[in-house]
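A quick write-up on the structure given underneath.
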Protein chains: 2
Amino acid sequence: MDQTTARSTSVTVADVAHKAGVSKATAARVLGGYGTVSDRVRAAVVAAARELDYRPNELARSMTTGRSGTIGVVVGDIENPFFSLAVRGITDVARQAGFTVILINSGEDLVAERAAIRTLLAKRVDGLIVSPAKETDVEHLHEAVRSGLPLALLDRGSDTLDVDTVIADDRHAAENITRRLITLGHSRIAYLTACDTPSHRFRTVRDIGTGSVRRRIEGFLAVCREAGLTGMEDWVHVGAVSSEHTHRIVTEMLQSAQRPTAVIASDSIIGLEVFKVHRQLGLSIPDDLSLVSFHDADWTSVTTPPVTVVRQPVYDLGATAAKLLVERLNGEAGPARKVILKTEILERASMREVF
Amino acid sequence: MDQTTARSTSVTVADVAHKAGVSKATAARVLGGYGTVSDRVRAAVVAAARELDYRPNELARSMTTGRSGTIGVVVGDIENPFFSLAVRGITDVARQAGFTVILINSGEDLVAERAAIRTLLAKRVDGLIVSPAKETDVEHLHEAVRSGLPLALLDRGSDTLDVDTVIADDRHAAENITRRLITLGHSRIAYLTACDTPSHRFRTVRDIGTGSVRRRIEGFLAVCREAGLTGMEDWVHVGAVSSEHTHRIVTEMLQSAQRPTAVIASDSIIGLEVFKVHRQLGLSIPDDLSLVSFHDADWTSVTTPPVTVVRQPVYDLGATAAKLLVERLNGEAGPARKVILKTEILERASMREVF
DNA sequence: TTTCTTGTTGAGACCGGTCTCAATTGGAAA
DNA sequence: TTTCCAATTGAGACCGGTCTCAACAAGAAA
């Protein structure tokens, strides 16, 4: 247990081989755990390695094997509880399978997302899990796929991208919750999303790049139409990208003459902001306003009243995406698999009948 | 713009060089952005690279340069809002400085943490940001430092580890909040933490491995002692590691004959559980129980009543750790820097005088 | 004893970059 | 015109592993 001086140049297989009195190839066999080596020699190499405190250089290993043992993950924002939970699912499965995770958040920005993919490609990740900011703009992902990199899509799909995809049944969830609100007598129902459009106003679902959100809005509008509610496009608010933006949008909305009697928040961050603003304005949930939020965030169950949510299996979303990807990395062939995980409405006390 | 067939073997500098009619060395100079090359040749190489869709192999580059352009981050649990926010701070700064982040969560488990460090060392990360599970057990970190790897400690320090450290003034915060509770007349004050001890009971602060938590408990006990409250060690509850554990501990605690009149939750996850349980048991905050939680989690401001918290600059904690590390990676020498970020008590309505 | 396996080992190429060093070239200085 | 210097380029070693292939030894089969 002598104190080894901090040497900048690390111990290599060649060093170990020399010390053990065997060839580099043999030492490499022992250290790399491949090929066949006699017990005697193995012991000698292991001893030498321990004595020199040998540490394998994964980089060099990756160089020849072509596998880096890492998967690249690109999400919108790790700070968002939705993504942090999904990433937890991903990392758990990845680790189990012997992979490490390089995490990059795109901030839902296409340029950043492209840069992220380029970086990950350069780093030679073995596979990619991406939550594309815009389903319609996935040329960079096509490129990755073309270069032979397995890709799994998380929470958002793409029609043009024929790869493993794990999403929630967003449209269905939106339909259900909208139907429920309409049953309760609501007709002035607002839908709030962080997704933005060029004009910062909602015109058509085609402007919504984020797939999960587009499907939700489609479901929302479809059910409204079905129920005879027209012009509901005007009730869709986009661009709730930051706390400040959301605060302004919600405040304006709730103070307008024609204020909604119900709000559907597309994620828990927006939902939280709605909750805060309704208090500030002295409104009452559910008396003055019914609220439902996507994502069963922790806060939704402890407010007064607790908030009705669309529970998504977020951890599983991530874990499943990772599972599918790992299977590909282990050679699984076959057509792309689309997994749609079920959501569930947890009806709490934030919705009420309107007369 | 012809469709390139997905070739498994990627385009290398040699390929580009060949196509451009120059030597490998020259092509490498252009592609790698080093050395000096004539404009004419540069243009030719760039054109060839574009035509072949050349993508640099960072692995190979790292091989020779010895820099991988990645930093390894080991945190307890990315799902915990505290860490996800800190990681956001880290990734923002890292990206700005041109580094990517490999994320591993230890689950606050020492064995997992050791494995994580080993993995990251093998992957030849350029630097390390770690939130050590146990301050007393950092031999693996010593090893990393010994091998010349810059290390920054996040949220938890270590006396034996002389490296850049960014923590919050936990002790001070705990002292303040304890003092405040005592001023309000509380004497039965419970402290709840996820940290566990071998016996699952609290005896001495020396059993608490997590530095930030130990400092808080020290502050808590010191102020209690100062105020003449003795035997407060019995009011420290450890092992609130999971939702289930916490639920059981809190339920038992709040149902005991000698139930506390105030609870200090060491993180927002525990705080949330306390809040849930108090409701289930039909107690009232703040009438029957005062509650204060570390970490200004989003939910704390929307409950009824809103919960008093110790606000920590979590994003900055991560960002600063990353900043210090990046400085080291850029050659900054000099002694280890210990940064202590200020906390702040946000007093809301969950505490009340007891008579 | 001879031949054939089978197991074990070593030599050296290779992965895709970087980097050193020597050679070549062209223009400025003498 | 000759000499010198700086700019540009190419050849090839190197990073630290993996992996192919050939050599060799020992035991089994003939």
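Go through the range A:132-180 and count every residue that is basic (Lys, Arg) and within 23 Å of A:Gly107 (Cα to Cα). If you could, list the steps in order and put the result at the bottom.
Going through the range A:132-180, the residues basic (Lys, Arg) turn out to be A:134, A:146, A:156, A:171, A:179-180.
Narrowing further to those that are within 23 Å of A:Gly107 (Cα to Cα): A:134, A:156.
Total satisfying the criteria: 2.
Spot the failing condition for B:Leu281; the list is (1) closer than 11 Å to B:Leu192 by Cβ; (2) touching a helix residue (DSSP H, G or I) at 6+ places or on another chain (Cβ under 6 Å), and only one is missed.
Going through (1) closer than 11 Å to B:Leu192 by Cβ; (2) touching a helix residue (DSSP H, G or I) at 6+ places or on another chain (Cβ under 6 Å) one by one, B:Leu281 breaks only (1).
Among the residues of the range A:9-44, which ones are more than 6 Å from DNA strand C (Cβ to nearest atom) and among the small types (Gly, Ala, Ser)?
Within the range A:9-44, A:Ser10, A:Ala14, A:Ala17, A:Ala20, A:Gly21, A:Ala27, A:Ala28, A:Gly32, A:Gly33, A:Ala43, A:Ala44 qualify.
State which residue is least open to solvent (accessible area, probe 1.4 Å) when the search covers only the range B:45-57 and only residues that are in contact with a Ser or Thr (Cβ under 9 Å, 6 or more places away or on another chain) and more than 8 Å from DNA strand C (Cβ to nearest atom).
B:Val45
Could you say whether any residue in the range A:72-84 is under 30 Å from B:Ser147 (Cα atoms) and open to solvent by less than 50 Å² (accessible area, probe 1.4 Å)?
So in the range A:72-84, the residues under 30 Å from B:Ser147 (Cα atoms) come out as A:72-73.
If we keep only those that are open to solvent by less than 50 Å² (accessible area, probe 1.4 Å) too, we end up with A:72-73.
Yes, that holds for at least one residue.
Is one or more of the residues making up the range B:67-82 within 16 Å of DNA strand D (Cβ to nearest atom) and at the interface with another protein chain (Cβ under 10 Å from one of its Cβ atoms)?
Yes - at least one qualifying residue is present in the range B:67-82.
Looking only at the range B:78-97, which residues are at pLDDT 95 or above and not in a helix (DSSP H, G or I)?
The answer is B:Ile78, B:Ala97.
Only one residue in A:Arg156, A:Arg180, A:Arg206, A:Arg188 is modelled with pLDDT under 95 and more than 26 Å from A:Ala86 (Cα to Cα). Which one?
None of the other options fit; the residue is A:Arg206.
Residues are listed down the side, and each one gets a yes or a no for (1) acidic (Asp, Glu); (2) in contact with a Cys (Cβ under 7 Å, 6 or more places away or on another chain); (3) within 16 Å of DNA strand D (Cβ to nearest atom):
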site	(1), (2), (3)
A:Ser84	no, no, no
A:Gly98	no, no, yes
A:Glu113	yes, no, no
A:Thr119	no, no, no
A:Asp126	yes, no, yes
A:Lys134	no, no, no
A:Val145	no, no, no
A:Pro150	no, no, no
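Here are some conditions: (1) closer than 27 Å to B:Leu128 by Cβ; (2) open to solvent by less than 40 Å² (accessible area, probe 1.4 Å). B:Val41 meets all but one. Which one does it not meet?
Condition not satisfied by B:Val41: (1).
Which of (1) more than 12 Å from chain B (Cβ to nearest Cβ); (2) in contact (Cβ under 8 Å) with a residue 60 or more places away in the chain; (3) not polar (S, T, N, Q) is the odd one out, the single condition A:Ile269 does not satisfy?
(1)
What are the residues in the range A:276-306 that are of a type in the set (Gly, Ala, Ser) and within 14 Å of another protein chain (Cβ to nearest Cβ), if any?
A:Ser284, A:Ser293, A:Ala297, A:Ser301
List the strands (runs of 3 or more DSSP E) inside the range A:112-191, counting only whole elements, that have at least 1 residues being within 14 Å of another protein chain (Cβ to nearest Cβ) and hydrophobic (A, V, I, L, M, F, W, C).
Details: elements: A:127-130, A:151-154, A:164-168.
The qualifying strands (runs of 3 or more DSSP E) are A:127-130, A:151-154.
Every residue in the range A:219-248 that is in a helix (DSSP H, G or I) and closer than 17 Å to A:Cys195 by Cα, please.
Once the filter is applied, which keeps residues that are in a helix (DSSP H, G or I) and closer than 17 Å to A:Cys195 by Cα, the range A:219-248 yields A:Gly219, A:Phe220, A:Leu221, A:Glu233, A:Asp234, A:Trp235, A:Ser243, A:Glu244, A:His245, A:Thr246, A:His247, A:Arg248.
Taking into account only those residues within the range A:337-355 that are under 19 Å from the mean Cα position of the chain (by Cα) and in a loop (DSSP other than H, G, I, E, B), which is surrounded by the most Cβ atoms within 10 Å (Cβ to Cβ)?
For the range A:337-355, the residue satisfying everything is A:Thr343.
Scan B:Arg348, B:Arg328, B:Arg337 and give me the residue that is closer than 27 Å to B:Gly185 by Cα and charged (D, E, K, R).
B:Arg348
Buried (at least 18 other Cβ atoms within 10 Å of the Cβ) and more than 14 Å from every other protein chain (Cβ to nearest Cβ): is that true of B:His245 in this structure? Let's see the steps before the verdict.
Values: buried (at least 18 other Cβ atoms within 10 Å of the Cβ): no; more than 14 Å from every other protein chain (Cβ to nearest Cβ): yes.
The answer is no for B:His245.
When residues of the range A:44-76 are filtered for being assigned to a helix (DSSP H, G or I) and in contact (Cβ under 8 Å) with a residue 60 or more places away in the chain, how many remain?
So the answer is 1.
From the list B:Val73, B:Val93, exactly one residue is more than 8 Å from DNA strand C (Cβ to nearest atom) and either touching a strand residue (DSSP E or B) at 6+ places or on another chain (Cβ under 9 Å) or not assigned by TED's automatic domain parsing to the domain that holds B:Pro150 (or both). Which is it?
Result of the check over B:Val73, B:Val93: B:Val73.
Please enumerate the residues belonging to the range B:35-63 that are at the interface with chain A (Cβ under 10 Å from one of its Cβ atoms) and within 16 Å of DNA strand D (Cβ to nearest atom).
B:Pro56, B:Asn57, B:Glu58, B:Leu59, B:Ala60, B:Arg61, B:Ser62, B:Met63
Any residue that is touching a residue at least 60 places away in the same chain (Cβ under 8 Å), small (Gly, Ala, Ser), out of contact with any helix residue (DSSP H, G or I) (no Cβ under 9 Å at 6 or more places or on another chain) and open to solvent by less than 50 Å² (accessible area, probe 1.4 Å) - is there at least one of those in the range A:285-293? Walk me through how you get there before you give the answer.
Filtering the range A:285-293 down to residues touching a residue at least 60 places away in the same chain (Cβ under 8 Å) leaves A:285-287, A:290-292.
Remaining after also requiring small (Gly, Ala, Ser): A:290.
Next, from what is left, pick out any that are out of contact with any helix residue (DSSP H, G or I) (no Cβ under 9 Å at 6 or more places or on another chain): none.
No, the range A:285-293 contains no residue that is touching a residue at least 60 places away in the same chain (Cβ under 8 Å), small (Gly, Ala, Ser), out of contact with any helix residue (DSSP H, G or I) (no Cβ under 9 Å at 6 or more places or on another chain) and open to solvent by less than 50 Å² (accessible area, probe 1.4 Å).
Within the range B:274-305, take every residue that is β-branched (Val, Ile, Thr) and not in a strand (DSSP E or B) and give me the one that is modelled with the lowest pLDDT.
Filtering the range B:274-305 for residues that are β-branched (Val, Ile, Thr) and not in a strand (DSSP E or B), the one modelled with the lowest pLDDT comes out as B:Thr304.
Out of A:Val354, A:Val277, A:Val302, A:Val250, I need the residue that is farther than 30 Å from A:Ala152 by Cα and free of Cβ contacts under 8 Å to residues at least 12 places away in the same chain. Which one?
A:Val302 is the lone residue from the list that is farther than 30 Å from A:Ala152 by Cα and free of Cβ contacts under 8 Å to residues at least 12 places away in the same chain.
Tell me the residue from A:Leu110, A:Leu184, A:Leu121 that is open to solvent by 10 Å² or more (accessible area, probe 1.4 Å) and in the same structural domain as A:Val223 (by TED's automatic domain parsing), please.
Testing whether each residue is open to solvent by 10 Å² or more (accessible area, probe 1.4 Å) and in the same structural domain as A:Val223 (by TED's automatic domain parsing) leaves just A:Leu184.
The values are calculated or read from the model by the stated rules, or taken from the named source; none is laboratory data. It should be emphasised that the depicted structure is a prediction, and the values quoted were computed from it without experimental measurement. Glycine gets a Cβ as well: all are built from the backbone with ideal geometry, and neighbour counts include every protein chain shown. We work out accessible area using only protein heavy atoms, side chains counted, and drop any ligands, DNA or RNA first. Shrake-Rupley method; radii C 1.70, N 1.55, O 1.52, S 1.80 Å.
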